[in-house]
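Reviewing the structure listed below.
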Amino acid sequence: QVQLVESGGGLVQAGGSLRLSCAASGRTFSSYCMGWFRQAPGKEREFVAATSWDGGTTIYADSVKGRFSISRDNAKNTVYLQMNSLKPEDTAVYYCAAAPTRRVVLGTVGYVYWGQGTQVTVSS
């Protein structure tokens, strides 16, 4: 069982930056692929980024590539999402999730543990 708690969301102007954190409980954090997802009002949840168990492999949605960066600190049981050059269309609730594999997992299938989400609002 893994519990995930996101933090770091807020209101920022377009062009600004935020760093989201996701703290995980449990002693097996390093056994999981970790991902970030987001859901805007009236839209389906979408994949944002993911990292393999050691951070050696990362993947990104095309919409955030070059602006967002995912990283993890296994000693702290934490995964991060650095978001730069934010746009109004990045406004959403952001969720972190864990998949029980050391490989990197693209998409929502395979992620079994989810956090409660943190709101990110980008004003124009």
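The values are calculated or read from the model by the stated rules, or taken from the named source; none is laboratory data. All figures in this text were calculated on a predicted structure; none of them were measured in a lab. All Cβ positions, glycine included, derive from the backbone under ideal geometry; neighbour counts span all protein chains shown. Heads up: the accessible areas ignore ligands, DNA and RNA and are worked out on the full protein's heavy atoms, side chains in. Shrake-Rupley method; radii C 1.70, N 1.55, O 1.52, S 1.80 Å.
Of all accessible surface on the chain at a 1.4 Å probe, what whole percent is carbon and sulfur?
Roughly 48 percent, rounded to a whole number.
Could you let me know the centre-to-centre spacing of the range 103-122 and the range 1-70, using Cα atoms, in angstrom?
6
Could you sort THR91, THR108, THR51 by their accessible area in this structure, using a 1.4 Å probe and putting the largest first?
Of THR91, THR108, THR51, the descending order of accessible area is THR108, THR91, THR51.
Just to confirm, what accessible area per residue do you get for the chain at 1.4 Å probe, in whole Å²?
Spelled out: the 1.4 Å probe surface of the chain, per residue, equals 50 Å².
Calculate, axis by axis, the spread of Cα positions in the chain along the three principal axes, and write the results as whole Å, longest axis first.
For the chain, the Cα spread along each principal axis is 41, 27, 23 Å.
Would you mind working out the magnitude of the charge dipole of the chain relative to its Cα centre, with +1 at each Lys and Arg C-beta and -1 at each Asp and Glu C-beta, to the nearest 20 Debye?
In debye, rounded to 20, the chain gives about 200.
Are there any trypsin sites (Lys or Arg not before Pro) in the range 32-124 that are in a DSSP loop and have at most 12 other Cβ atoms within 10 Å? List them by number.
LYS43, LYS65, LYS76, ARG103
Please sort by residue number the GluC sites (Glu not before Pro) in the range 30-99 whose DSSP state is loop and whose Cβ has at most 16 other Cβ atoms within 10 Å.
GLU44
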